[in-house]
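Here the structure is laid out as structure tokens; the discussion comes afterwards.
Derivation of every value follows stated rules applied to the coordinates shown; laboratory data play no part. Keep in mind that what you see is a predicted model, and the values were worked out from it rather than measured. Glycine gets a Cβ as well: all are built from the backbone with ideal geometry, and neighbour counts include every protein chain shown.
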Amino acid sequence: MRIRTRRLVAGLSLLAATVVTAGCAGEQEGTPSPAPGNGERPGSSTAAPPGGDSGYDIGKLNGTWKGTYLCPEGPGGLTVEIDEYNGEFASATVSLATADGGPEITPGSHRSDAFLSDDGTILFASIRWIEQAEGTGMIDFGITEVAGDAMMGYVLGEAGQRGCTDVVLNRQ
């Protein structure tokens, strides 16, 4: 299942999200999401893969990361707990919550697989809910920059198509 999911996400990573509508809340399937095929965040011309041509060592990202993702109605809280990397992918628990200055979000969490795409982006693809957040979908995202104890990237899939954009996480 995980290998099939990884292949599906890798295949879909060649497609760019083109539909942008208002809003970030709403049900979202646990299927992997399309990512920009050129390593760039939608609407950006300067994003670079975190590890360049050689890729990035996902094994160095183990631990807890906390931050936000930005949507048109305000920021959402995001905590990512990355488990040990097995050489192919790392499992992660992604928790959603209300962020300072953001809309009320029902807390919830889901499992994701993190892996390095062909263009060097670290993709977090949702797998299944652990505790479903009512009125909120799972968040898939790509990390394009890792600098010390900070990771930055963009939101993918349905949430990205609804106008949610930047992801910023700091190691805890």
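Among the residues examined, Val167 does not qualify as over 11 Å from the mean Cα position of the chain (by Cα), in contact (Cβ under 8 Å) with a residue 60 or more places away in the chain and under 17 Å from Lys66 (Cβ atoms). Restricting Glu131, Glu145 to residues that are touching a strand residue (DSSP E or B) at 6+ places or on another chain (Cβ under 8 Å), closer than 19 Å to Ile82 by Cβ, among the acidic types (Asp, Glu) and touching a residue at least 60 places away in the same chain (Cβ under 8 Å) narrows the list to Glu145. Here Ile139 fits the description: in a loop (DSSP other than H, G, I, E, B) and either within 21 Å of Asn86 (Cα to Cα) or touching a helix residue (DSSP H, G or I) at 6+ places or on another chain (Cβ under 8 Å) (or both). The set of residues in segment 93-109 that are part of a strand (DSSP E or B) and of a type in the set (Gly, Ala, Ser) comprises Ser95, Ala97, Gly108, Ser109.
Scanning segment 77-102 for residues that are more than 13 Å from the chain's Cα centre (by Cα) and within 17 Å of Val155 (Cα to Cα) gives Ala97, Thr98, Ala99, Gly102. Pairing each residue of segment 92-106 that is in contact (Cβ under 8 Å) with a residue 24 or more places away in the chain with any residue that is of a type in the set (S, T, N, Q) and part of a loop (DSSP other than H, G, I, E, B), provided the two are 6+ apart or on different chains, yields C-beta distances under 7 Å for Leu96/Thr136; Ile105/Thr136; Thr106/Thr136.
Selection of segment 83-113 for residues being closer than 24 Å to Glu134 by Cα and aliphatic (A, V, I, L, M) yields Ala92, Val94, Leu96, Ala97, Ala99, Ile105.
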